[in-house]
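Reading through the structure tokens given below for one structure.
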Amino acid sequence: MSEHEKESVLLFDEMAIKKWLNYDIKNDMEEGRQDLGQKGTSSDLASQALVGTVKKVELMLTLDLVLEPLLEIGLHVIATVCDQGTSNQKAFN
């Protein structure tokens, strides 16, 4: 890729997702639960992804985890795009 083609924009936003479970036969596991580190109940079905009301420190750590591999593969993140949610504003300030 040329240097121009490596220029990238990191876009992120929270999103609501439908609550449902899926059983992955190949890997013998359920999909669709929040990562609680243990088997949960039906009340722990995931309903949001990424930054659904995370604290600024958690968002900053997540952005670091995402940005580092992008830079390692040679992409140049020249901008980030997100809504003006409170956590987003605090993280960038």
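A few comments on the model shown:
- Number of residues in the stretch 21-46 that are modelled with pLDDT under 75 and either surrounded by fewer than 13 Cβ atoms within 10 Å (Cβ to Cβ) or at positive phi (or both): the value is 10.
- The stretch 70-93, subset at pLDDT below 90 and assigned to a helix (DSSP H, G or I), residue farthest from Ser2 (Cα to Cα): Thr86
The values are calculated or read from the model by the stated rules, or taken from the named source; none is laboratory data. Keep in mind that this is a model prediction, so the values were computed, not measured. Positions of Cβ are generated from backbone atoms using ideal geometry, with glycine treated the same way; all protein chains shown enter the neighbour counts.
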